[in-house]
Amino acid sequence: MTDHDRAVTGSPPYRGRKPALHAQALLLRQEGCPVGEIAERLRVSKSTAYLWTRHLPLDPELVSRRRQAGQRARADAQWGAHRAARDAARTETVAAAARWVRRLSYRELVLIGAAIYWCEGGKAKPWRPHDCHIKFVNSDPMLVALFLRFLDALGVPPADRRYRVSIHETADAVAAVRWWADQIGVPPERFQRTSLKRHRPLTIRKNVGTDYRGCLTVHVVGASRVYWRVEGIMKGMTDEDPPHDR
């Protein structure tokens, strides 16, 4: 009996001769595959694939999801080589720049340290002009490490430094303290009580997951003169006359 005859009589086509292929065709159809794709994947004719699956209408939503997934897959394949080349170029550029820096001189370290503190640290306000203290807050371990090297260069003793982690209450605060302690080489016991930020359910945050460790605050006690020095360095860099770097 031909496929046409079976279609006319209503007999299940090929169910006896190709039960495995017929079952696969039904599964593919239920997953949203069109007849042409089923025929191609099972290596049968389109007419056979149609006769096997014509009683199963396609779910429009499932078809849309499959189409979107196919578009993403084609885009990934198209841009995969570009992304690989971009990532390789980035790695080489970063490594070359790092080799160019080599080792900072004392002057370079002090100038850079003062600049990053003036960007990220606490400063005296016009309404509190004498509130000159050193308090540096950041979530980037590279900047924190550079700031600590700056304190070393200025002769600030480790005993005068206080450390505190600020993190959202939904995160693992204990693990964050251990992570920061390992980053800066200070025992967790030396950290002050963690500052927990209240979670706001309506706020859509990106800083979530196991790699979220909050911010580290480095506070130097009795550091008014250090602050004055930083203020003077910044004044010297901005008030230079004539500006020799132009």
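Within the stretch 30-59, if we keep just the residues that are among the aliphatic types (A, V, I, L, M) and in a helix (DSSP H, G or I), the residue that is farthest from GLY70 (Cα to Cα) turns out to be LEU51. Which residue, of THR217, THR238, THR194, THR210, is hydroxyl-bearing (Ser, Thr, Tyr), under 33 Å from the mean Cα position of the chain (by Cα) and exposed (fewer than 10 other Cβ atoms within 10 Å of the Cβ)? After ruling out the rest, the residue left standing is THR210.
A quick yes/no check of all residues on (1) at pLDDT 85 or above; (2) surrounded by 13 or more Cβ atoms within 10 Å (Cβ to Cβ); (3) part of a helix (DSSP H, G or I):
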site	(1), (2), (3)
ALA75	no, no, yes
TRP79	no, no, yes
TRP100	yes, no, yes
ILE112	yes, yes, yes
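For LYS135, the conditions (1) modelled with pLDDT under 95; (2) in contact with a His (Cβ under 8 Å, 6 or more places away or on another chain); (3) within 17 Å of MET234 (Cα to Cα) are fulfilled apart from (1). Summed over the stretch 59-89, the residues that are charged (D, E, K, R) and closer than 15 Å to CYS33 by Cβ give a count of 5.
Exactly one residue among GLY185, GLY222 is loosely packed, with under 14 Cβ neighbours inside 10 Å, small (Gly, Ala, Ser) and in contact (Cβ under 8 Å) with a residue 60 or more places away in the chain, and that residue is GLY222.
Taking SER166 and the conditions (1) out of contact with any helix residue (DSSP H, G or I) (no Cβ under 8 Å at 6 or more places or on another chain); (2) more than 24 Å from VAL208 (Cβ to Cβ); (3) touching a residue at least 40 places away in the same chain (Cβ under 8 Å), which numbered condition does it fall short on, given that it satisfies the others? In the conditions (1) out of contact with any helix residue (DSSP H, G or I) (no Cβ under 8 Å at 6 or more places or on another chain); (2) more than 24 Å from VAL208 (Cβ to Cβ); (3) touching a residue at least 40 places away in the same chain (Cβ under 8 Å), SER166 misses (2) alone. Within the set VAL186, VAL218, VAL177, VAL165, the sole residue that is assigned to a helix (DSSP H, G or I), β-branched (Val, Ile, Thr) and modelled with pLDDT of 95 or more turns out to be VAL177. The residues of the stretch 122-151 that are touching a residue at least 40 places away in the same chain (Cβ under 8 Å) and not in a loop (DSSP other than H, G, I, E, B), listed by number, are ILE134, LYS135, PHE136, VAL137, ASN138, PRO141, VAL144, PHE147, LEU148, ARG149, PHE150, LEU151. With the condition kept exactly as written, say whether any residue in the stretch 223-232 is at pLDDT below 95, within 17 Å of PRO157 (Cβ to Cβ) and not in a helix (DSSP H, G or I). Yes - at least one qualifying residue is present in the stretch 223-232. Only one of the numbered conditions (1) within 37 Å of the chain's Cα centre (by Cα); (2) farther than 30 Å from MET234 by Cα; (3) in contact (Cβ under 8 Å) with a residue 24 or more places away in the chain is not met by LEU58, and that is (1).
The values are calculated or read from the model by the stated rules, or taken from the named source; none is laboratory data. What you are looking at is a predicted structure, and each value in this text was computed from that prediction instead of being measured. Virtual Cβ from ideal backbone geometry, glycine too; neighbours counted across all protein chains shown.
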